[in-house]
Amino acid sequence: MISLPTSHSINTNTNIHSPHFLIQFLFFFYIPTLVFLRSQNMDNFGAKNMQNPPLKSQKCLLGTQILFRILSTAFTLVATLIILTSKQTVTVFGIEMDARYSYSSAFKFFALTNIIGCAFSVLSLFLASFLGHKSLDPKNYFYMFLHDLIMMALLLAGCAAATAVGYVGKYGEMHSGWMPICDHVSKFCHKVTTSVMLSYFAVILYLFLTIISANQSRKIQV
């Protein structure tokens with residue numbers, strides 16, 4: 001007589017190493033686990049991409065900053081050399097007139113601000129190159145933002161002081177009895193005007209640098 005196996009005997013004799021059990025294990029545990037891990041990795045990858053901007057755009061910003069700092073250094077250096085060599089001696093109605101930048105406190109302040117701006121432009125150029133190749137951490141841009149803001153304000157103050165005195169020298173101030181002198185010392189006034197214009201160009205470049213640094217500083221995670 002052949003006896004059929006009961007359900008009890010089937011359950012007790014089930015082998016966990018059988019192919020059916022392995023298939024069920026893969027289907028109900030291993031595959032869902034892989035799907036879950038895959039989704040987690042995709043989320044982390046997306047968050048990482050949101051936190052870290054593309055490297056190409058960062059390199060482009062770094063190159064733009066270096067170019068602007070080189071131009072700022074050149075403009076402030078040339079402006080300094082021109083204002084330091086601006087002098088002219090003429091004779092008007094038998095009276096010798098000597099025009100020099102050192103006779104005006106505003107022009108001396110203007111020359112000093114350009115010297116400081118040139119020196120710190122060179123320093124910031126090397127600092128930006130070092131920080132750019134070392135790390136593209138947005139926190140570095142905050143320090144550059146403070147530097148650029150201070151330099152822009154300093155150069156703008158020097159330009160404003162020189163512009164005010166230059167305006168009086170060119171057009172005079174009749175209410176105060178100050179006569180224009182640029183008709184007699186045109187070479188001196190031309191040099192001062194060129195120097196002030198170059199310094200204003202440096203101010204504009206530092207304005208752009210401040211905007212770039214401020215925009216990058218917004219990405220700092222608190």
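A crude spin-label estimate for the pair ALA164 and ILE95, with each label 7 Å from Cα along the Cβ direction, gives 2.6 nm.
Once a ≥ b ≥ c are taken as the square roots of the eigenvalues of the Cα gyration tensor of segment 86-222, is the result rounded (a/c under 1.5), prolate (a/b larger than b/c) or oblate (a/b not larger than b/c)? Because a/c hits 1.5 or more and a/b exceeds b/c, segment 86-222 counts as prolate.
In Å², and per residue, what accessible area does segment 180-222 have when probed at 1.4 Å with the other protein chains present?
Values: 2360 Å² over 43 residues.
Per-residue value: 55 Å².
What FRET efficiency comes out for GLU173 versus ILE150 if R0 is 45 angstrom and r is the Cβ-Cβ distance? Round to the nearest 0.05. Don't skip to the end; give the middle numbers.
Details: r = 32 Å, r/R0 = 0.72.
Rounded to the nearest 0.05, the efficiency is 0.90.
Working from label points 7 Å from Cα in the Cα-to-Cβ sense, the TYR143 to SER105 distance is 3.6 nm. Projected label points at ASP183 and ILE66, each 7 Å from Cα along the beta carbon direction, are separated by 5.3 nanometres.
The values are calculated or read from the model by the stated rules, or taken from the named source; none is laboratory data. Remember, it's a predicted structure, so these values are computed and weren't measured experimentally. Positions of Cβ are backbone-derived with ideal geometry, glycine not excepted, and every protein chain shown enters the neighbour counts. These accessible areas exclude ligands, DNA and RNA; they are computed on the full protein's heavy atoms, side chains included. Shrake-Rupley method; radii C 1.70, N 1.55, O 1.52, S 1.80 Å.
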